[in-house]
1. As a test of the definition: which semi-axes, in Å, follow for the stretch 68-269 when you take the square root of five times each eigenvalue of its alpha carbon gyration tensor? Largest first, please.
2. How would you order 42-50, 168-176 from highest to lowest mean count of nearby Cβ atoms within 10 Å?
3. In the structure displayed, which of Lys89/Lys184; Lys160/Lys198; Lys200/Lys245; Lys106/Lys198; Lys117/Lys214 lie more than 29 Å apart, Cα to Cα?
4. Provide the percentage of antiparallel DSSP beta bridges, counting only those with both residues in the stretch 68-269; round to the nearest 5.
5. Would you mind putting 29-37, 250-258, 409-417 in packing order, based on average other-beta-carbon counts within 10 Å, highest first?
Amino acid sequence: MHIFESMSSSLLNIFSHKMRSFLTLLGIIIGVFAVVTMFSTIYGLKIFITNQMEDMGWNNSIIIYPSTGKESHFSRRRMRFKYIKRETKPLTFSDYMMLKKEIDLKYIYGYVSSYEKFLSNEKEENIRLNATNNNFFQCKTFPLKSGRYFNSFEESNAVKSCIVGYYFVEKYLSKEDPLNKIIKIGENRFKIIGVLDKDKLNQSGMNFNSWERKHNLGAVYIPLSTGARYLRAENAVDYIYLQAKDKLSFNKMKTTTNQHLLAKHNMTHDFSFNDVGALMFKITDEINEMMKKWNITLSAIASISLIVGGIGLFSTLLISINEKMTEIGIRKSIGATDRDIFFHFLFEAIILALMGAAVGIFLSSFLIKALALLMHFNCPIPIEGILLGIGFSVIIGITSGLYPAIKASKIDPIKAIYYYE
């Protein structure tokens, strides 16, 4: 008997005992379902958290602040420190434009923030007026509800246009169409060209910096050039944010930025870096390590179900030896070898395990996709989880079927034929 004949014979035997095969499969199905679900859920959660952290706009990034004070210089002559006072200057709009032109990066924006008076229903209120550029909205994933973002002319020429946040409109302009409306903030009048939509990042129910994001969506935004001219002296900006294209280019971006700013500021260290990217790398590594440990722990717990299923498969195969005793004797008497009988039982165990794995993977995929749809986030089914389920089931099939297959192959054909007499 050839291997393919052994496989077809095993399939025929499985389908001829449907109820017994189903009950045997049930343990394997539950085990594979548990393993794949646990692995995929942890993997999906890790991807989800990583993506959400990226959408907050702090990954692979640095923030440059102006700094003042004495700077130290070590002189080897007389082996002592000399403190040299140098004239300090703030970060300016021209610094932002220089970095935007010279540095290869993903996002860059300058930022100026001020609280200004706003007249609403004959009542003065302090509102947050922020000056920035379009990269801020892209980096923070703030989509538009209506209107448009700043154009290049507005960003470069201190035009008095503005984009208002969703909650600002909800609080002050809910009874009218805000687009093209002129509003007075402080001593200046601005034309509304766009309205930001509500926060999409926290719709899944996860709390990712929601307070700050809601605060941002309650503000009014003007072009950075406008804020630097009308809200600060000497065209100064509060800080400049830069984000690298990826993790590999982050250190190069930081070094190049430092060199260009030193050259522009006459080698004076009147600026400082807030290395947000390094902090995010550390947090991401800690999350990955924690998820890895959870993955191992939960997969190990879920594997217990597979072991229980393997015990059920082992018991079923042992019982089937007695049922097939006459069949084994006849097959051996017409030329089947011990090897043929061995593979017949082993293939039956492996095929049952693989059928259980297929059903378990299907049910797991269906459940994960349903949960992802309900919770409004994408949870991919990793190929590693599928291969893990299949690998576990094949191992269980082989280990469960090995002893019954060996036992069946060693049966004497004469005793097998007359087993019931």
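1. On the way: eigenvalues 267, 83, 49 Å².
Those come to 37, 20, 16 Å.
2. Details: 42-50: 18.1, 168-176: 14.4.
The peptides rank, most packed first, as 42-50, 168-176.
3. Working: Lys89/Lys184 31 Å; Lys160/Lys198 24 Å; Lys200/Lys245 23 Å; Lys106/Lys198 24 Å; Lys117/Lys214 20 Å.
The pairs that break the limit, which is 29 Å between Cα atoms, are Lys89/Lys184.
4. 80 percent
5. Values: 29-37: 25.9, 250-258: 17.4, 409-417: 15.1.
Averaged packing, sorted descending, gives the order 29-37, 250-258, 409-417.
The numbers here are math on the coordinates, done by the rules we state, and not lab data. For clarity, every value in this text was computed on a predicted model and none was experimentally measured. Backbone-built Cβ (ideal geometry, glycine too); neighbour counts: all protein chains shown.
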